Amino acid sequence: MRVISKLTWAVFMLPLLWACGDLEQPPIVQQTPASISSPPSAIVLTGEDEEEVVVFNVTQANFGTQMEVTYVIQMDAPGNNFANAADLGSSTSTVIEVKASEINRRAISRGIVGGETGPMEFRVRAVPSRTLSALVGAPVSIAVTTFADAVALRNLFLVGEATARGWDNNANNPALFRDPENTDLYVYSGFFNAGGFKVLENLGAWQPQYGTNDGSTISVNRGDGDDPDVFSVPTAGYYTFTFDLSTETFSLEPIADVPATFETVGIIGSATAEGWDASTAMNQLAFDKHIYYLTATLGDGEMKFRANDDWGVNWGTNSAISGKATQDGPNIPVEPGTYKIWFNSLDGRFLKIEQ
């Protein structure tokens, strides 16, 4: 009886096995990113009309199902793989208008000198209204001619064994704090190891590279000469490094009295994610606990820096992009955008770098 039962069970299972063999696999949904339709070979910006726009027509993205899609035109320097992509404009239609002044400002900040022509890469980022990943189209290179009215603010960064990131030129290197009035003057007060360091203009690139060959004046290799020697720090400690490109001079002075550090420092205000209700914490640099940094998207409004989530110690000033904030100073004005923010609790200096 046991043998017959096993045979009966096998006969019963055969149709099910055959049925399983006939099951079809679910179809694979093909997704197609959007791209710029008939991209121009060149965009010439003149600045003659403040309301001038550049119109981009894009193809529709296909997410495999019907939904609303927001199309974003992005731009970055060639070869950067859109690591520093600028969102120029967006629309839920396939026609996107971008302000010419916005392209101009972002192109200058990415290396095209005002009044000159250079290549920029553009692409379309399609953002679905449902919980699906965005799709990015293939980049296209377009020559952009800028106009010189936009002011390109130079940002400078520390590199070398005397500084936080050593000789790594692209590791969130601390920025020098630019003076809001004299944009050729930079001041950095903080901790340095004994040894040498240099100043770089672009993270990830060794030129332009600033140093000194005589111990008193600034020398630079912009990419067509020899690298200068280092700025030298005799012993580890806190120093104020003053770097003035208008006079091509620098100084490195010891700091006698170093104030205590804070447990936390954050940004707060109507332009920040938490408004005036709570601080958004900044990251503290382990190398020097007076230096804080944060990448944040800010709205139109105001902000301040404050310590330990309390108004007992707070910093403000009326300059927007860089400056020296003071205790109980005025609110810092903010234009909407995404910024890398650096703050120094030792002297209240701050810097916002648009991303």
Practice prompt. Test each condition in (1) on the phi < 0 side of the Ramachandran plot; (2) modelled with pLDDT under 95; (3) touching a strand residue (DSSP E or B) at 6+ places or on another chain (Cβ under 6 Å) for Asp257 and report the one that comes out false.
Written response: (3)
Response to the item:
Log entry, pairs with first residue in segment 243-260 being closer than 11 Å to Ser219 by Cα, second being assigned to a loop (DSSP other than H, G, I, E, B) and modelled with pLDDT of 95 or more, beta carbons closer than 8 Å, six or more apart or on different chains, reads Leu245/Ile218; Glu248/Ile218; Thr249/Ile218; Phe250/Thr212; Phe250/Ile218
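Out of the strands (runs of 3 or more DSSP E) lying entirely within segment 252-313, which hold 2 or more residues that are surrounded by 15 or more Cβ atoms within 10 Å (Cβ to Cβ) and of a type outside the set (A, V, I, L, M, F, W, C)? Give the steps one after another, and end with the answer.
Details: elements: 265-268, 291-298, 301-307.
Filter on segment 252-313 gives 291-298, 301-307.
Is it true that some residue in segment 195-211 is part of a loop (DSSP other than H, G, I, E, B), farther than 20 Å from Arg110 by Cβ and open to solvent by 10 Å² or more (accessible area, probe 1.4 Å)?
Residues of segment 195-211 that are part of a loop (DSSP other than H, G, I, E, B), as a first pass: 201-208.
Going one step further and asking which of them are farther than 20 Å from Arg110 by Cβ, we end up with none.
Scanning segment 195-211 turns up no residue that is part of a loop (DSSP other than H, G, I, E, B), farther than 20 Å from Arg110 by Cβ and open to solvent by 10 Å² or more (accessible area, probe 1.4 Å).
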Discussion item. Exactly one condition in (1) surrounded by fewer than 17 Cβ atoms within 10 Å (Cβ to Cβ); (2) touching a Phe, Trp or Tyr at 6+ places or on another chain (Cβ under 7 Å); (3) among the hydroxyl-bearing types (Ser, Thr, Tyr) is false for Tyr239; which is it?
Written reply: (1)
Worksheet, complete the sentence: Inside segment 82-140, the number of residues satisfying the requirement of being of a type in the set (Val, Ile, Thr) and under 17 Å from Pro33 (Cβ atoms) is 7
Response to the item:
Matching residues in segment 161-188 (open to solvent by less than 10 Å² (accessible area, probe 1.4 Å) and of a type in the set (Gly, Ala, Ser)) number 2
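The rows are residues; the columns are (1) assigned to a loop (DSSP other than H, G, I, E, B); (2) among the basic types (Lys, Arg).
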| position | (1), (2) |
| --- | --- |
| Pro119 | no, no |
| Ile142 | no, no |
| Arg154 | yes, yes |
| Ala164 | yes, no |
Worksheet item: Val334 is checked against (1) open to solvent by 60 Å² or more (accessible area, probe 1.4 Å); (2) at pLDDT below 95; (3) among the hydrophobic types (A, V, I, L, M, F, W, C) and fails just one. What number does that condition carry?
Response: (1)
Worksheet item: Restricting the search to segment 45-56, which residues are of a type outside the set (Asp, Glu) and surrounded by 13 or more Cβ atoms within 10 Å (Cβ to Cβ)?
Response: Leu45, Gly47, Val53, Val54, Phe56
Worksheet, complete the sentence: Checked against (1) open to solvent by less than 50 Å² (accessible area, probe 1.4 Å); (2) modelled with pLDDT under 95; (3) over 26 Å from the mean Cα position of the chain (by Cα); (4) not β-branched (Val, Ile, Thr), Asp224 satisfies every condition except (1)
Worksheet entry | Members of segment 47-98 that are on the phi < 0 side of the Ramachandran plot, among the small types (Gly, Ala, Ser) and part of a loop (DSSP other than H, G, I, E, B) | Ala61, Ala77, Ala83, Ala85, Ser93
Worksheet item: In segment 269-278, is there at least one residue being under 25 Å from Phe157 (Cα atoms) and at pLDDT 95 or above?
Response: no
Discussion item. Restricting to segment 315-327, name every residue that is within 11 Å of Gly348 (Cα to Cα) and surrounded by 18 or more Cβ atoms within 10 Å (Cβ to Cβ).
Written reply: Trp315, Gly316, Thr317, Ser322, Gly323, Ala325
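The values are calculated or read from the model by the stated rules, or taken from the named source; none is laboratory data. Every value quoted in this text rests on a predicted model; they were computed, and no experiment measured them. Every residue, glycine among them, receives a Cβ derived from its backbone with ideal geometry; neighbour counts consider all protein chains shown. Note: areas computed on protein heavy atoms with side chains; ligands, DNA, RNA excluded. Shrake-Rupley method; radii C 1.70, N 1.55, O 1.52, S 1.80 Å.
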